[in-house]
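Engineer: Can you keep this structure in mind? I'll have questions shortly.
The values are calculated or read from the model by the stated rules, or taken from the named source; none is laboratory data. Since we're looking at a predicted model, the values are computed, not measured. With ideal geometry, Cβ positions are generated from the backbone for all residues, glycine too; neighbour counts draw on all protein chains shown.
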Amino acid sequence: MKAPLSKWISIILPLLLGVSLIIYQYYQFTSAQLLEMKGYFKSADYFYITLSLIIASFGFLSRAYRWKFAINHLGYNSRFANNLMAVCIAYFINLTIPRSGEFSRALVLKKYEAVPFDKAFGTIVAERIVDFIIFMMFAAAAFIFQFTIIKEFLVSTLPLEKLILLAIGGFLFMIIAVLIWLYSKMRIITKLKEKIAGLQEGILSVFQMKQRWPFIFHSIFIWFTYVAMFYVSIFALPETSNIGIGAVITAFVFGSLAIGFTNSGFGAFPLLIAQILLLYSIPETVGTAFGWLIWISQTLLTVFLGAVSLIMLPILNKKQII
């Protein structure tokens, strides 16, 4: 009973948070402002939204193709179609529980390509490490070149004293966690270490593979599609079409954080995008409409590709199932 309960809690709580943020944002606007935002949706140039979805699709393709380099290094072969459908399903499942889709990717390869789960999952963890490094480069660039703007946003959101306490608390928590990991003899820690040891080969595959440079190229290209998708979308509204690349990168970084820590940004993404663009003199109504345009279009693409993949995966692998 405990496992299903915790599973439902992990689904419901993020959804409740998203709904709460939507309700909160809704009541921040007057009826006239809500009507104004409705007008932005009607007048938006959906050519650029469609173009952003095409660019995003190339990101899906590149992520699926990149995966094969790590899988091949481990001595296994996986068909590109299965890699792609596994990636699409993973993004689809991530709409429910953040990062839960990564498990489904490994399960798909285990079922249809006979790749051991721990090794496949290890390659996914390695991918995420590389993705995190690239994301931190974007975050560092935004922080360096947009320091004043970001500082203004952080201070207005959290007072400096709380930011300092939060940083100290996080640092102490990290030290305690490392000490427990290194020296604890607790059964749960020991089992966790055994599980992680099984992932080691998959994780190290990225750094030891012969085709590491094509892997790195696709990693960079994936993040290029993310930024390009966001950048192209600004031309959908005349009010956002003139914002600079600094505003785009900053909004992209905070939007990515919203997606990473919630149900793919449900409720949080439009709110954060609006607050960031407000710092660049973009009215909150415009920023909110812009955030929802991006989030809704990308979510619809994710649902469509995920649903098609769920249907086609067993059909295209019928012989393997039999």
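Engineer: Looking only at the stretch 32-78, filter to residues that are over 30 Å from LYS111 (Cβ atoms) and under 17 Å from the mean Cα position of the chain (by Cα); which one of those is surrounded by the fewest Cβ atoms within 10 Å (Cβ to Cβ)?
Structural biologist: ILE55
Engineer: Need the failing condition index for SER264 against (1) on the phi < 0 side of the Ramachandran plot; (2) in contact (Cβ under 8 Å) with a residue 24 or more places away in the chain; (3) not hydrophobic (A, V, I, L, M, F, W, C), just the number.
Structural biologist: Here SER264 clears every test but (1).
Engineer: Which of the residues belonging to the stretch 95-123 are of a type outside the set (Gly, Ala, Ser), closer than 24 Å to PHE266 by Cα and either buried (at least 23 other Cβ atoms within 10 Å of the Cβ) or under 13 Å from the mean Cα position of the chain (by Cα) (or both)?
Structural biologist: Scanning the stretch 95-123 gives LEU95, THR96, ILE97, PRO98, ARG99, GLU102, ARG105.
Engineer: With respect to TYR27, determine if the residue is more than 23 Å from the chain's Cα centre (by Cα), modelled with pLDDT of 90 or more and among the hydroxyl-bearing types (Ser, Thr, Tyr).
Structural biologist: No, not satisfied.
Engineer: Any idea which of (1) of a type in the set (Gly, Ala, Ser); (2) out of contact with any Phe, Trp or Tyr (no Cβ under 6 Å at 6 or more places or on another chain); (3) at pLDDT 90 or above is the one SER205 doesn't satisfy?
Structural biologist: Exception for SER205: condition (3).
Engineer: If we scan the stretch 79-94, do we find a residue that is farther than 19 Å from GLY265 by Cβ, crowded, with 18+ Cβ neighbours inside 10 Å and of a type in the set (Lys, Arg)?
Structural biologist: Taking every residue of the stretch 79-94 in turn, none turns out to be farther than 19 Å from GLY265 by Cβ, crowded, with 18+ Cβ neighbours inside 10 Å and of a type in the set (Lys, Arg).
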